[in-house]
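Asker: Please find one structure pasted underneath; my questions will follow.
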Amino acid sequence: MTGLVLSAVTRAFDHPVPRTVLGGVDLTIAQGEFVSLVGPSGAGKTTLLRIIAGLDSGYGGSLAWQGARPRLGVVFQEPRLVPWLGLLDNLLLVGGPESVDRARALLGAVELGDCDSALPGQLSGGMQRRAALARALLVEPDFLILDEPLISLDAALAERMRRLLNDFWRKRRTTTLLITHNLAEAVELSTRVAILSPIERRVVADCALPPPDPRLSGDPMVAAALQDLRRMTRSWPVPDPAEAAPDRAG
Ligand SMILES: Nc1ncnc2c1ncn2[C@@H]1O[C@H](COP(=O)(O)OP(=O)(O)OP(=O)(O)O)[C@@H](O)[C@H]1O
Ligand SMILES: [Mg+2]
């Protein structure tokens, strides 16, 4: 079991001015679900990720894992690669030397097959983020947390990476939490989309979707779900790349 139950999770910061970022977040993620968490910049998505990943203990409310604490795979908002190691060595740092074949295969899957020995500083931000994604998948996580992993990729590459994430999820049913600004991406990949409101500072809507097997952006159900989500978030400054790329809006 790798489910997660967050109950009335709160987080406040004192600096630079006292403020509450999370005001009582309730969110349950059952084993095998692919949940997207959407919300505008500053809503507290990464703050919640840090709490779930065990990096921040200064929160109120409760966080409970169903069953044993899972092996986590995390893609942080910044790639967090070790700068003096090549990409393959960055992956082997978490997978161990015996994982070399899988590490090479995953670098190939994220289209970095010819960058084994490249240092992170020699790569673009999008390439580093894909390397971080390969590293997270290498650990064969029970619970995968992705903080905007596809941001800054061009539309065609982002679509191929969505196919990769969907294939990985369909094969392994790894419980997944995807943080994204992109409503179309959330609807395309998820079994549920949760909306974190910057006003109420908690999850205000939870939209269940049939499993994506795979779900394509032209699917009428995708278009209807997207329309609902856009209506719910209309008053917020949610940057939705699909607005700027109507071919992806379904
Ligand atoms: N350690 C900290 N100390 C003070 N304030 C913090 C700290 N961490 C986060 N915050 C504040 O909490 C708020 C939410 O930040 P967070 O990074 O969680 O937003 P986000 O939803 O991930 O935004 P984005 O989409 O831009 O990544 C911001 O106003 C931020 O300044
Ligand atoms: Mg963030």
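Asker: Given a 1.4 Å probe and heavy atoms of the protein chains only, how would you sort 55, 49, 63, largest accessible area at the top?
Answerer: Output order, biggest surface exposure first: 55, 63, 49.
Asker: Quick check on the stretch 76-139: what are the equivalent-ellipsoid semi-axes from the Cα gyration tensor, as sqrt(5λ), descending, whole Å?
Answerer: 16, 11, 11
Asker: Sticking with this one: I need to check one value: relative contact order of the chain, counting alpha carbon pairs closer than 8 Å and at least 6 residues apart, in percent.
Answerer: In percent, rounded to a whole number, it is 25.
Asker: Tell me the accessible surface of residue 41 in square angstrom (1.4 angstrom probe, heavy atoms of protein chains only), to the nearest ten.
Answerer: Approximately 100 Å² of residue 41 is accessible to the 1.4 Å probe.
Asker: Could I ask something else about it? What nm value, rounded to one decimal, do you get for the distance between residue 234 and residue 31 when each label is placed 7 Å out toward the C-beta?
Answerer: In this crude label model, residue 234 to residue 31 measures out at 4.2 nm.
Asker: OK, next. Report the gain in length on full extension from residue 15 to residue 124: 0.36 nm times residue separation, minus Cα-Cα distance, nm rounded to one decimal.
Answerer: Working it through step by step, the gained length comes to 36.0 nm.
Asker: So, one more: Which one, 144, 107, 164, has the greatest fluctuation when you compute a Gaussian network model over the chain with C-alpha springs under 10 angstrom?
Answerer: The residue that fluctuates most here is 164.
Asker: Right, next: To the nearest 20 Debye, how big is the dipole of the chain about its Cα centre, given +1 on the beta carbon of each Lys and Arg and -1 on that of each Asp and Glu?
Answerer: 420
Asker: Given the DSSP H assignment, sum -39500 (n - 2.57) over each helix run of at least 4 residues in the chain and divide by its residue total; what's the result at 222 nm in deg cm²/dmol, nearest 500?
Answerer: When only DSSP H runs of four or more count, the value is -10000 deg cm²/dmol.
Asker: Let me ask something else about it. Keeping every protein chain present and rolling a 1.4 Å probe, give me the accessible area per residue for the chain in Å².
Answerer: Accessible area per residue, the chain: 44 Å².
Asker: For the chain, what ratio Rg/Rh do Cα atoms give with a Kirkwood hydrodynamic radius?
Answerer: 0.96
Asker: Pop out the carbon and sulfur fraction of the accessible area of the chain as a percent, whole number, probe 1.4 Å.
Answerer: 55
Asker: Counting only other residues whose beta carbon sits under 11 Å from that of residue 201, what net charge do I get with K and R as +1, D and E as -1?
Answerer: +2
Asker: Quick one: if you stick a label point 7 Å off each Cα along the C-beta vector at residue 101 and residue 117, how many nm between them?
Answerer: 2.3
The values are calculated or read from the model by the stated rules, or taken from the named source; none is laboratory data. If you're wondering where the values come from, they're calculated on a predicted model, not measured in any experiment. Note that we place each Cβ from the backbone using ideal geometry, even for glycine, and neighbour counts take in every protein chain shown. Calculation scope for accessible area: heavy atoms of the full protein, side chains included, ligands and nucleic acids excluded. Shrake-Rupley method; radii C 1.70, N 1.55, O 1.52, S 1.80 Å.
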